Each structure stands twice: as C-alpha cells, then as structure tokens.
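J.: Sending over a structure as structure tokens; questions will come in a sec.
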Amino acid sequence: MVKTIKKTETTVKKVAKIASGDKAPIYNLQAEKVGDLTLSKSVFGVEINNDLIAQNISVALGNKRSAHAKVKDRGEVNGTTKKMYAQKGTGRARHSTSKVGIFVGGGSVHGPQGNQTFIRKINKTAKRNALHSLLSKFAKSSRIIIIDDFAALKPKTKEAWNFFEKLEATNQDLEKSKKIGIITLEDNQNVIRAFGNIPGLNLFSAAALNVLDLSNQNFLVFSQKAVESLK
C-alpha cells in the first residue's frame with residue numbers, strides 16, 4: 001500500500017517595511033512637529049555609491065587647486081655665465097657655466113614651472129548620481145529634517161538661535177552635529193541674516209547643491225519647497 005502525503009500550502013504575507021529615510025519629519029518655526037513628508041525615491045532613495053561620491057569630491061578639490069610650485073632653471077638662477085675653466089688641457093670634463101643643473105646652486109631640470117593644471121572634468125550624469133547618492137545617505141541615516149516655511153522667520157540672530165535650540169531638543173543627531181546645512185529654494189534674506197552669524201550653520205540654495213559642500217555637513221535642514229524642487 002502506497003502512502004499518500006498531502007502537502008499543505010501555507011501562504012506567507014509579506015509586510016512591506018518602510019526603509020529608513022523614506023520619510024522626513026516636518027517642523028514649524030516653533031520647533032513643533034507638524035507631520036512627515038515622503039521623500040522622492042529618485043533623489044533620496046537611490047543606491048549609495050561611495051566610490052562615485054569620493055570621485056566627485058576629488059575632482060572638485062582638484063578644480064579648486066592652483067599651482068604654486070615654481071623652480072628656477074639655469075637661465076633664471078642668479079650667477080655668472082662665465083665658463084668654469086678652459087675647454088681643453090685640464091684633463092677634466094667639459095663644462096660651461098656653473099648654473100647647470102648638475103652643480104650645487106645651479107638651476108633645476110624639468111621642475112614645476114607654476115603652469116601645471118589639476119582641472120578634471122566629470123559628466124553631468126555622474127554629478128547628479130553622486131549628489132543623489134549622498135542625499136540618500138543622509139536620508140537613510142535619518143539626518144534630514146524639513147521646515148515647513150522659512151518665510152515667517154524674523155531676520156534676527158537671537159530668534160534663529162532660540163529656534164535651533166528648541167529644534168535640537170527634539171533630535172539627538174541634530175544636537176550632536178557640529179556642521180549643519182540649511183537648504184532653501186532660493187537665497188532668502190531673512191534666512192541669511194538670521195543664521196549667517198551662527199557658527200556651524202551653512203546656508204545653501206537647492207539649485208546650487210554639490211557633493212563637496214554637502215559632504216562637509218553632519219545634518220541637513222531643508223525648507224519644504226527646497227525638498228519638493230529636487231528631482
């Protein structure tokens with residue numbers, strides 16, 4: 001007699017987990033949480049590419065670098081051009097002036113002339129991908145918060161200081177951060193006057209974001225319009 005074994009199928013329900021960084025908290029100017037904003041996956045939810053980020057930083061630093069090294073060749077060294085000794089009859093090797101590169105005090109040979117360039121180019125797609133990768137890194141580590149509207153902010157350093165003290169009390173990562181980037185849709189004079197004199201706070205425009213500036217920040221504070229403008 002053959003035994004028949006009945007297989008029981010069990011259906012497993014997959015629970016979709018929201019990855020860290022998919023949402024960012026929204027605060028008002030009283031440092032009160034008023035909701036959450038779902039971040040764009042194409043900007044804040046891409047795969048993190050640390051190599052591409054490092055490449056962009058290297059190119060940006062190289063493009064800011066200027067050549068300072070400059071040596072003197074035999075024509076620029078101060079000294080006489082008189083022949084060292086007679087061409088023949090001394091039994092020694094033939095030489096002209098003592099300013100040649102083989103003698104102490106002579107000019108350098110094939111040294112830097114101050115015209116070397118360190119400029120490199122990187123294509124727009126790589127720049128955009130690196131920026132999105134870095135923003136995703138901030139989002140996944142929950143180091144992004146959003147302010148609903150900076151328009152009502154008074155252009156007073158004291159007001160901005162008090163606001164940030166309240167904001168830091170709601171977020172430990174923000175409190176521990178020494179460099180904080182504040183990103184608005186466009187240059188706002190109230191924001192510039194309010195936060196411009198507070199050490200550790202750096203102001204950026206959403207249209208001019210770059211990997212080098214953002215890589216130097218520990219935490220990002222966006223205006224809601226600035227977040228929504230990123231694509």
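The values are calculated or read from the model by the stated rules, or taken from the named source; none is laboratory data. Since the model is a prediction, treat every value here as computed from it, not as a measurement. We place every Cβ from the backbone using ideal geometry, glycine too, and count neighbours over all the protein chains shown.
J.: Within the stretch 81-92, restricting attention to residues that are under 57 Å from the mean Cα position of the chain (by Cα) and either more than 21 Å from residue 71 (Cβ to Cβ) or not assigned by TED's automatic domain parsing to the domain that holds residue 71 (or both), which residue is surrounded by the fewest Cβ atoms within 10 Å (Cβ to Cβ)? Outline the logic, then answer.
T.: Of the stretch 81-92, the ones under 57 Å from the mean Cα position of the chain (by Cα) are 81-84.
Narrowing further to those that are either more than 21 Å from residue 71 (Cβ to Cβ) or not assigned by TED's automatic domain parsing to the domain that holds residue 71 (or both): 82-84.
Working: 82: 9, 83: 12, 84: 14.
If we take residues in the stretch 81-92 being under 57 Å from the mean Cα position of the chain (by Cα) and either more than 21 Å from residue 71 (Cβ to Cβ) or not assigned by TED's automatic domain parsing to the domain that holds residue 71 (or both), then 82 is surrounded by the fewest Cβ atoms within 10 Å (Cβ to Cβ).
J.: While we're on this one: Quick check on the stretch 115-122. Is at least one of its residues over 25 Å from the mean Cα position of the chain (by Cα) and closer than 17 Å to residue 201 by Cα?
T.: Checked against the condition, which is being over 25 Å from the mean Cα position of the chain (by Cα) and closer than 17 Å to residue 201 by Cα, the stretch 115-122 yields no hits at all.
J.: Can you tell me which of 162, 197, 190 is on the phi < 0 side of the Ramachandran plot, surrounded by 14 or more Cβ atoms within 10 Å (Cβ to Cβ) and of a type outside the set (Asp, Glu)?
T.: Details: 162 fails: surrounded by 14 or more Cβ atoms within 10 Å (Cβ to Cβ); 197 fails: surrounded by 14 or more Cβ atoms within 10 Å (Cβ to Cβ).
Result: 190 is the single residue among 162, 197, 190 that is on the phi < 0 side of the Ramachandran plot, surrounded by 14 or more Cβ atoms within 10 Å (Cβ to Cβ) and of a type outside the set (Asp, Glu).
J.: Please enumerate the residues belonging to the stretch 94-126 that are at pLDDT 95 or above and surrounded by 13 or more Cβ atoms within 10 Å (Cβ to Cβ).
T.: Residue satisfying the conditions is 126 alone.
J.: Could you figure out which of (1) of a type in the set (Phe, Trp, Tyr); (2) free of Cβ contacts under 8 Å to residues at least 24 places away in the same chain; (3) part of a loop (DSSP other than H, G, I, E, B) isn't true of residue 118?
T.: Residue 118 satisfies every listed condition except (2).
J.: Has the stretch 35-42 got any residue that is surrounded by 12 or more Cβ atoms within 10 Å (Cβ to Cβ), closer than 23 Å to residue 216 by Cβ, without any contact (Cβ under 8 Å) to a residue 60 or more places away in the chain and among the basic types (Lys, Arg)?
T.: Within the stretch 35-42, not a single residue is surrounded by 12 or more Cβ atoms within 10 Å (Cβ to Cβ), closer than 23 Å to residue 216 by Cβ, without any contact (Cβ under 8 Å) to a residue 60 or more places away in the chain and among the basic types (Lys, Arg).
J.: Which of the residues that make up the stretch 168-182 are closer than 26 Å to residue 131 by Cα, of a type in the set (A, V, I, L, M) and at pLDDT below 95?
T.: 174
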